[in-house]
Amino acid sequence: MALDKLIKNKKNLAIIITFSILGLACLWAFIYAGMITSSFKHKIIDQTYNNKEANIENLLVTETKEGEKLWELYAEVGRYSDTDNIVFLEKVLGNFYKNKEVTASFKADSGTYHSIKKEIILYDNVVIVYKDGTNIQCDRIKYAGKDEDIIASGNVRIEKPNEAVIIGNEAVLKGDFSDFHIEGRTKTQFYM
């Protein structure tokens, strides 16, 4: 009965309708805001997990295949970013292996390791020393895997102890370190 009296008065009816509309509008805004922030939170969470980075001191990376160690490298500092799957390396030392023996050792001031491609690129004062003492100095080395040739480029200097010094722009080294050849313009000095 009291409701009938409130509704009969036009002023009261207008107030009830206004508060009802405002209540529905507030309820709709609350629900809609929840939907917007929910999708925003999912985007932030997805981006957080997709852009991981790590800084690592004294990093050791090793690649093995069928229980055989192919290579290992040590870096004083490594910085990994999963956006491009690359580890940026500083002060790098390492070894290449064949039949559980070191076939060559290397060092460089800087480098990268691509964790998906298993590719190593070394640059800045790169030196590789073969088991027989042959050493290669260059600006950059790219190692793309055991079965791929290794490309040395930029100011390549190959020294075979007590035999020769070969200087050139680029050298292609066999992946198993059994042989190499120089490409482009070269200069060779033989020891007698």
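Can you go through Gly168, Gly184, Gly154 and tell me which one is at pLDDT 85 or above, more than 27 Å from the chain's Cα centre (by Cα) and either of a type in the set (Lys, Arg) or not in a loop (DSSP other than H, G, I, E, B) (or both)?
Details: Gly184 fails: at pLDDT 85 or above; Gly154 fails: more than 27 Å from the chain's Cα centre (by Cα).
The unique qualifying residue is Gly168.
Using beta carbons and a limit of 6 Å, which pairs, at least six apart or on different chains, have the first residue in the range 116-132 and more than 13 Å from Glu90 (Cβ to Cβ) and the second one aliphatic (A, V, I, L, M) and part of a strand (DSSP E or B)?
Between residues of the range 116-132 that are more than 13 Å from Glu90 (Cβ to Cβ) and residues that are aliphatic (A, V, I, L, M) and part of a strand (DSSP E or B), the close pairs are Val126/Ala108; Val126/Ile141; Ile128/Ala104; Ile128/Ile136; Tyr130/Ala104.
List the residue pairs whose Cβ atoms are under 6 Å apart, where the first residue sits in the range 12-36 and is hydrophobic (A, V, I, L, M, F, W, C), the second is in a helix (DSSP H, G or I) and surrounded by 10 or more Cβ atoms within 10 Å (Cβ to Cβ), and the two are 6 or more positions apart or on different chains.
Hits for this filter: Leu13/Ile7.
Can you confirm whether the range 130-139 contains a residue that is within 22 Å of the chain's Cα centre (by Cα), farther than 21 Å from Glu68 by Cα and not acidic (Asp, Glu)?
Keep residues of the range 130-139 that are within 22 Å of the chain's Cα centre (by Cα), which gives 139.
Narrowing the set further to residues that are farther than 21 Å from Glu68 by Cα leaves 139.
Pick out the ones that are also not acidic (Asp, Glu) and you get none.
Checked against the condition, which is being within 22 Å of the chain's Cα centre (by Cα), farther than 21 Å from Glu68 by Cα and not acidic (Asp, Glu), the range 130-139 yields no hits at all.
With among the polar types (S, T, N, Q), out of contact with any Phe, Trp or Tyr (no Cβ under 8 Å at 6 or more places or on another chain) and within 17 Å of Leu70 (Cβ to Cβ) as the only criterion, which of Asn125, Asn99 stands out? Full working, then the answer.
Details: Asn125 fails: within 17 Å of Leu70 (Cβ to Cβ).
Being among the polar types (S, T, N, Q), out of contact with any Phe, Trp or Tyr (no Cβ under 8 Å at 6 or more places or on another chain) and within 17 Å of Leu70 (Cβ to Cβ) holds for just one of Asn125, Asn99, which is Asn99.
Looking at the range 19-62, which of its residues are at pLDDT below 75 and part of a strand (DSSP E or B)?
Glu53, Ala54
For the range 80-119, how many residues meet the condition of being over 17 Å from Lys142 (Cβ atoms) and either out of contact with any strand residue (DSSP E or B) (no Cβ under 6 Å at 6 or more places or on another chain) or at pLDDT 85 or above (or both)? If you could, list the steps in order and put the result at the bottom.
Taking the range 80-119 first, the residues over 17 Å from Lys142 (Cβ atoms) are 80-83, 90-91, 93, 95, 97-103, 105.
Filter once more, so that each one left must be either out of contact with any strand residue (DSSP E or B) (no Cβ under 6 Å at 6 or more places or on another chain) or at pLDDT 85 or above (or both): 82-83, 90-91, 93, 95, 97-103, 105.
Going through the range 80-119 one residue at a time, the tally reaches 14.
Criterion first (of a type in the set (S, T, N, Q), buried (at least 17 other Cβ atoms within 10 Å of the Cβ) and farther than 12 Å from Leu73 by Cα) does Thr134 satisfy it?
Values: of a type in the set (S, T, N, Q): yes; buried (at least 17 other Cβ atoms within 10 Å of the Cβ): yes; farther than 12 Å from Leu73 by Cα: yes.
Yes; evaluated as a whole, the condition is true for this residue.
When you go through Asp139, Asp147, Asp84 one by one, which is the residue that is within 29 Å of Ala54 (Cα to Cα), of a type in the set (Asp, Glu) and in a loop (DSSP other than H, G, I, E, B)? Before you say what the answer is, go through the steps one by one.
On the way: Asp139 fails: in a loop (DSSP other than H, G, I, E, B); Asp147 fails: within 29 Å of Ala54 (Cα to Cα).
On inspection, the qualifying residue turns out to be Asp84.
The values are calculated or read from the model by the stated rules, or taken from the named source; none is laboratory data. Everything quoted here is computed from the prediction, not taken from an experiment. Glycine gets a Cβ as well: all are built from the backbone with ideal geometry, and neighbour counts include every protein chain shown.
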